[in-house]
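What follows is one structure encoded as structure tokens, with my remarks underneath.
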Amino acid sequence: MDLRKLKTLIDLVSESNISELEIAEADGKVRIVKTPTPGPSAPPASAAAPVAILAPAPAASVDSVPPPSLGNVVKSPMVGTFYRSANPGSEPFIELGSVVKVGDPICIIEAMKIMNEIEADSAGTIREILCENGQAVEFGQALFVIE
């Protein structure tokens, strides 16, 4: 191993929080161990950095909390982009009031350039559509309410 490279590695270890580094290359193996040096003790706890104190968030009023929906909530099985139809110009899979059976396609979630068709997990009538077309959705986010 070339001496400049070795010196650079030693400098990196001495300036970082790591205590040991081992590198193996075709032409050899190097192990650098940093030993603690005696020095001034750590500052007392009272000299620690100041801590920001946040005021508690105001309690939500009863009027701002939406009433719980009745029926089965279909949740997103993954993180991705929500689409109501298979193609931009085609009709949505379902509309408000549509009657669905278990296994009927109800939307698509695009994740990592793969279009994942989401199916109804219960039979009933679509009472609420909780996402907009093209909206990013999270795992477990409510998409529809089937009653």
If I go through segment 112-140 residue by residue, how many of them are under 18 Å from the mean Cα position of the chain (by Cα) and buried (at least 16 other Cβ atoms within 10 Å of the Cβ)?
1
Report every pair of residues separated by at least 6 positions or lying on different chains whose Cβ atoms are under 6 Å apart, first residue within segment 98-125 and under 12 Å from S85 (Cβ atoms), second basic (K, R).
C107/R84
Every residue in segment 83-108 that is under 17 Å from Q135 (Cα atoms), within 27 Å of the chain's Cα centre (by Cα) and surrounded by 11 or more Cβ atoms within 10 Å (Cβ to Cβ), please.
Y83, R84, S85, A86, I106, C107, I108
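Read-outs: derived from the displayed coordinates by stated rules, not from any lab. The structure presented is a predicted model; accordingly, all values stated were derived computationally and were not measured. Using ideal geometry, Cβ is built from the backbone for each residue, glycine included, and neighbour counts are taken over all protein chains shown.
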